[in-house]
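Here the structure comes first, spelled out in structure tokens, and everything after it is commentary.
The values are calculated or read from the model by the stated rules, or taken from the named source; none is laboratory data. Everything numeric here is computed off the predicted structure, so don't read it as measured data. Neighbour counts run over all protein chains shown; Cβ positions are idealised from the backbone, glycine included. What goes into the accessible areas is simple: the full protein's heavy atoms, side chains included, and nothing from ligands, DNA or RNA. Shrake-Rupley method; radii C 1.70, N 1.55, O 1.52, S 1.80 Å.
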Amino acid sequence: MPTTRTATADDVAMITQHRHAMFAEIGFSTPEALQTMSQHFRPWVQRLMAAGKYVGWVVEQDGLPVASAGFFELEWPPHPFDPASEARGYLLNFWVEPSHRRKGLAKGLVKLAVAESRRRGLRVTTLHASDAGRPVYESLGFRRSGEMMLVESETFRSDS
């Protein structure tokens with residue numbers, strides 16, 4: 001039976017590996033860009049975990065991590081959706097090992113992350129969804145927005 005626990009500083013390498021695997025599977029970038037991202041992500045997530053801005057969860061089966069996810073509180077200007085707040089929640093790093101998919105692990109992790117956002121009093125929680133993840137998020141009330149993006153980099157695949 002899988003168990004879920006809060007991530008610790010000891011999990012940073014695994015979280016980084018899961019993030020790398022997530023983007024590699026999506027086909028979002030080049031292997032070189034993903035390697036550079038991972039090198040820079042690891043100290044970032046360590047720093048934000050220590051500051052309490054990043055909270056992660058790990059699902060284990062027989063003592064091995066099979067899924068993970070994260071929540072990040074980011075500064076955001078007051079907005080019509082939440083006119084008095086200066087922060088919003090952001091969900092990231094959702095990864096489930098292929099052999100453990102379609103068992104509700106991702107949905108359980110999303111529920112934990114949304115609960116963390118609510119615990120912090122945040123009324124707006126956002127994320128970027130892969131095609132595979134979109135149905136999970138939509139089933140929990142997330143809806144598409146009109147966000148657009150300009151990326152000044154050749155590492156981003158324009159066909160993604």
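Worth pointing out:
- Working from Cα pairs under 8 Å separated by at least six residues, relative contact order for the chain is 22 percent.
- Each Lys and Arg contributes +1 and each Asp and Glu -1, all at the Cβ; summed about the Cα centre of the chain, the dipole is approximately 620 debye.
- The loop-placed GluC sites (Glu not before Pro) in region 1-101, going by DSSP, that have at most 14 neighbouring Cβ atoms within 10 Å of their Cβ come out as 86.
- The distance from the alpha carbon centre of region 36-50 to that of region 62-113 is 17 Å, rounded to a whole number.
- Solvent-accessible area per residue, Å², over region 1-103 with all protein chains present [probe radius 1.4 Å]: 56
- The chain - percent of accessible surface contributed by carbon and sulfur, probe 1.4 Å: 54
- Protein-only accessible surface at a 1.4 angstrom probe places the residues 54, 137 in the order 137, 54, largest first.
- Largest to smallest principal axis extent of the C-alpha atoms in region 42-155, angstrom: 45, 35, 31
- Directionally averaged projected area (convex hull, Cα atoms, region 1-100), nm²: 7.8
- Positive end of the dipole of region 1-114 (Cβ unit charges, origin at the Cα centre): among 108, 69, 83, the Cα lying farthest that way belongs to 108.
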